[in-house]
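Colleague: To start, I am sharing the structure in question, which I have written as structure tokens.
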Amino acid sequence: MALSAQQIPRWFNSVKLRSLINTVQLTKRFTRPGRTLLHGFSAQPQMSSDNCFLQWGFKTYKTSSSWNSSQTTSSGSQENNSAQSTLLPLTNEQSEKTQKIPSFDSEVFLEELDDLPPLSPMQPISEEEAIQIIAAPPLPPSSFTLRDYVDHSETLQKLVLLGVDLSKIEKHPDAANLLLRLDFEKDIKQILLFLKDVGIEDNQLGAFLTKNYAIFSQDLENMKTRVAYLHSKNFSKADVAQMVRKAPFLLNFSVERLDNRLGFFQKELQLSVKKTRELVVRLPRLLTGSLEPVKENMKVYHLELGFKHNEIQHMITKIPKMLTANKRKLTETFDYVHNVMSIPHHIIVKFPQVFNTRLFKVKERHLFLTYLGRAQYDPAKPNYISLDKLVSIPDEIFCEEIAKASVQDFEKFLKTL
Amino acid sequence: MRSASLSRLQGLFAVYKPPGLKWKHLRDTVELQLLKGLNARKPPAPEQRVRFLLGAVEGSEEKELTLTATSVPSLTNHPLVCGPAFTHFKVGVGHRLDAQASGVLVLGVGRGCRLLTDMYNAHLTKDYTVRGLLGKATDDFCEDGRLVEKTTYDHVTREKLDRILAVIQGSHQKALVMYSNLDLKTQEAYEMAVRGLIRPMTKSPMLITGIRCLHFAPPEFLVEVQCMHETQKELRKLVHEIGLELKTTAVCSQVRRTRDGIFTLDSALLRTQWDLHSIQDAIQTATPWVAAELEKSLSPGLDTKQLPSPGWSWDSQVPSSGEGC
């Protein structure tokens, strides 16, 4: 590693006395961690908060003016290596830590040489010194879970209180590293205030951040430009809030990408600007998802299922989810509804909800109605049953009103299928 | 509490598998529903941990430092940090059903999976209703397979069908005795045969212990089959062979299992009932029957080996097979 390569020449160039100091420091570090820290940090005030020991643990790995910045970045990447890299052995880590100390400032150590107390652990010490020893178990240098660090990091605690699901974020090691190294006051607060400005409520922030943890590495100015762009396209503030809430990755997209996407939908569906806007507000994941399934589904509707263009437009404005539906399920549902239930195109267009329901539901209800002799889907004839009543109402109401039978009869029928 | 609901979730229960659903998807769906129910419980109160903090003692002349023990809330076991309490649950499947067949499917949860092996070793019979369609023959014996042959079926009557079914039952009766490896000359074997059916307690090909026609309206007919060591494909092949015996052809349009051991259609759970509470209730109801049945089949003594046959006894079959032959 580059770090140790830098360290080694310095280590070997030092005077014998200095190497003595360093070994002394080594053993000191091993025996009395808490105490020697306070020695090293002469300017550090005595903090009686819980975060004392652990902030030290983090400050060694953060960019802080007293430390060499090259050391901290590489050690920072060392510290929070989770699943991707193997766990570093503890001794290696500690020896790295100790190697850093000598290069810090030789003067401090020469000073300390004079008031170094003798080093035996059996040495009696005063009551005050004894109290100041913090002998808590050290933080693991790398872990696969954020559980080990949550009690020691204010950032993580505040995120949990907001409602962010850390168990999902720790599955992405880069994200977990990022969150550990961020400071709540400096970085995260700005972004949270920005999100509140956009219109996301407090109780919705948790779900949003669980999905889009990458927002912390985004540039705030860029995101403000994107929101301004959406406002310029006549999306109201409430619209933008709803879009960002339902599609958390929206603000990670650049302005040109958003522009391209909006243009694509307008051209492809040939809808008016107002209707495109409504469509995108209802289903904002059209802007963040891939465009290939949408193109494929449009071809399926037009060529395979045989709907005319204005029919497709009507269906999509009613049920935007049809644009991203699974092609196989679409064709199976259409095959059953059109060929087995003998429902013509113009009636299917009036009730596109049938493409949004599970096929087994449509099948079971249709077979029950056929068994009862009530399967009549032609509006011209009496006792007509519309498709939306067939699929969109719950079982009890369906049995009572449409089939005019009890739920027990329906269940008995289902067991004969 | 959590452990009480978990302890009620060990055992066997039956599910009605609808046609068109693979048994593996069904098992996965049931597991997901159970996990959803188990994880929906209220999380325990947040833990506290003790930290010793340095602080100044009040009322002293000098600034004296001392350690005070304080209880600080700990977030280590918070659900948002650890994830859901349950991520996996052991759900096992008994005698499988293929995708197009429907009917009673026995599932085991937790420690009940062990009982599944015991149920398998008890070699109990299963009841099926098989619907056939005369006049067609396909390559996979199903209605939607590739058509091989079309025939007329005007000459087929109910009487002919009953005769064929009786012949089938008779030939399978012989096979039953042969595969059960019993010496019929002994007194115990005779007593067993008198009391109930002898059946093989080891692996054997499909054996039909009872078959009769429930409904005959050409081209459709409905046949009830009581069998063991079967697969649904062999049952469809049976329909095809019945067609051939009738000097016409037949395909199978529905295979439905109505009973698997002691689990019948009444106790099978429908899709809307695949949730934690209904499954727990079903397990509670089924546990005593399962225990009694397994004790009966595994206990020593040949005279206790009886087949459970609720519904219809096969004594009614004997006269027709006698007349038919």
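Colleague: Name the one entry in B:GLY135, B:GLY103 that is on the phi > 0 side of the Ramachandran plot, open to solvent by less than 20 Å² (accessible area, probe 1.4 Å) and assigned by the TED database to the domain that holds B:LEU21.
Modeller: B:GLY103
Colleague: Still on this structure: Kindly provide the set of residues from the range B:211-223 that are more than 13 Å from B:VAL130 (Cα to Cα) and in a strand (DSSP E or B), ordered by number.
Modeller: Answer for the range B:211-223, where residues must be more than 13 Å from B:VAL130 (Cα to Cα) and in a strand (DSSP E or B): just B:ALA217.
Colleague: Quick one: in the range A:163-177, which of the residues that are part of a helix (DSSP H, G or I) and in contact with a Gly (Cβ under 9 Å, 6 or more places away or on another chain) is farthest from the other protein chains (Cβ to nearest Cβ)?
Modeller: A:ASN177
Colleague: A follow-up question, please. Six or more apart or on different chains, Cβ under 7 Å: which pairs go from a residue in the range B:192-214 that's of a type in the set (Lys, Arg) to one that's part of a helix (DSSP H, G or I)? Could you list them?
Modeller: Here the result reads B:ARG195/B:ASP303; B:ARG199/B:LEU176; B:ARG212/B:LEU165; B:ARG212/B:GLN317, each pair linking the range B:192-214 to a residue that is part of a helix (DSSP H, G or I).
Colleague: Residue under question is B:GLN280, and the condition is that it be within 14 Å of chain A (Cβ to nearest Cβ) and modelled with pLDDT of 90 or more; does it hold?
Modeller: In short, no.
Colleague: Then there is this: Can you report the number of residues in the range A:362-391 which are of a type in the set (Asp, Glu) and assigned to a helix (DSSP H, G or I)?
Modeller: Residues that pass the stated criteria total 2.
Colleague: Further, regarding this structure: Looking at (1) within 30 Å of A:LYS158 (Cα to Cα); (2) in a helix (DSSP H, G or I); (3) touching a residue at least 24 places away in the same chain (Cβ under 8 Å), which is the only condition B:LEU116 fails?
Modeller: Among (1) within 30 Å of A:LYS158 (Cα to Cα); (2) in a helix (DSSP H, G or I); (3) touching a residue at least 24 places away in the same chain (Cβ under 8 Å), the lone unmet condition for B:LEU116 is (1).
Colleague: Another question, then. Tell me whether the range A:379-399 contains one or more residues that are surrounded by 15 or more Cβ atoms within 10 Å (Cβ to Cβ), within 14 Å of another protein chain (Cβ to nearest Cβ), in contact (Cβ under 8 Å) with a residue 24 or more places away in the chain and out of contact with any His (no Cβ under 7 Å at 6 or more places or on another chain).
Modeller: Yes: one or more hits.
Colleague: Among B:VAL72, B:VAL104, which is touching a strand residue (DSSP E or B) at 6+ places or on another chain (Cβ under 7 Å), farther than 30 Å from B:SER253 by Cα, touching a residue at least 24 places away in the same chain (Cβ under 8 Å) and in a strand (DSSP E or B)?
Modeller: B:VAL72
Colleague: Moving to a separate point now. Among A:VAL198, A:VAL160, which is the only one that is closer than 25 Å to A:ALA241 by Cα and within 9 Å of another protein chain (Cβ to nearest Cβ)?
Modeller: One residue alone meets the criteria, A:VAL160.
Colleague: Out of A:THR210, A:THR317, A:THR225, report the one residue that is open to solvent by 30 Å² or more (accessible area, probe 1.4 Å) and within 30 Å of A:LEU193 (Cβ to Cβ).
Modeller: Every option except A:THR225 fails the conditions.
Colleague: Of everything in the range A:246-259, what is in contact with a helix residue (DSSP H, G or I) (Cβ under 6 Å, 6 or more places away or on another chain) and assigned to a helix (DSSP H, G or I)? Give them in sequence order.
Modeller: Answer for the range A:246-259, where residues must be in contact with a helix residue (DSSP H, G or I) (Cβ under 6 Å, 6 or more places away or on another chain) and assigned to a helix (DSSP H, G or I): A:PRO248, A:PHE249, A:LEU250, A:LEU251, A:VAL255.
Colleague: Something else now. Could you pull out the residue among A:LEU180, A:LEU195, A:LEU262 that is free of Cβ contacts under 8 Å to residues at least 60 places away in the same chain, within 17 Å of the chain's Cα centre (by Cα) and part of a helix (DSSP H, G or I)?
Modeller: The match here is A:LEU195.
Colleague: List every residue pair whose Cβ atoms lie under 6 Å apart, where the two residues are 6 or more positions apart in sequence or sit on different chains, the first residue falls within the range B:41-65 and is more than 10 Å from chain A (Cβ to nearest Cβ) and on the phi < 0 side of the Ramachandran plot, and the second residue, located anywhere, is modelled with pLDDT of 75 or more and part of a strand (DSSP E or B).
Modeller: B:PRO46/B:PRO73; B:GLN48/B:SER71; B:GLN48/B:PRO73; B:VAL50/B:ALA69; B:VAL50/B:SER71
Colleague: Among B:ARG114, B:ARG146, which is the only one that is under 20 Å from B:VAL255 (Cβ atoms) and more than 12 Å from the chain's Cα centre (by Cα)?
Modeller: Just a single option satisfies the conditions, and that option is B:ARG146.
Colleague: Within the range B:263-271, does at least one residue satisfy the condition of being buried (at least 23 other Cβ atoms within 10 Å of the Cβ), in a strand (DSSP E or B) and within 14 Å of another protein chain (Cβ to nearest Cβ)?
Modeller: Yes.
Colleague: Just one of (1) within 13 Å of B:VAL109 (Cβ to Cβ); (2) among the charged types (D, E, K, R); (3) at pLDDT below 80 trips up B:ARG8, so point out which.
Modeller: (3)
Colleague: Next question, about the same structure. What are the residue pairs meeting all of these: first residue in the range B:80-94, first residue hydroxyl-bearing (Ser, Thr, Tyr), second residue open to solvent by less than 30 Å² (accessible area, probe 1.4 Å), Cβ atoms under 9 Å, and 6 or more apart or on different chains?
Modeller: Hits for this filter: B:THR87/B:LEU35.
Colleague: Could you please find all residues in the range A:277-304 being over 24 Å from the mean Cα position of the chain (by Cα) and touching a residue at least 40 places away in the same chain (Cβ under 8 Å)?
Modeller: The answer is A:ARG277, A:LEU279.
The values are calculated or read from the model by the stated rules, or taken from the named source; none is laboratory data. This one's a predicted model, so the numbers in the text were calculated from it and none came from an experiment. Note: ideal-geometry Cβ built from the backbone for every residue, glycine included; neighbour counts use all protein chains shown. To get the accessible areas, we keep the full protein, side chains included, count just its heavy atoms, and leave off ligands, DNA and RNA. Shrake-Rupley method; radii C 1.70, N 1.55, O 1.52, S 1.80 Å.
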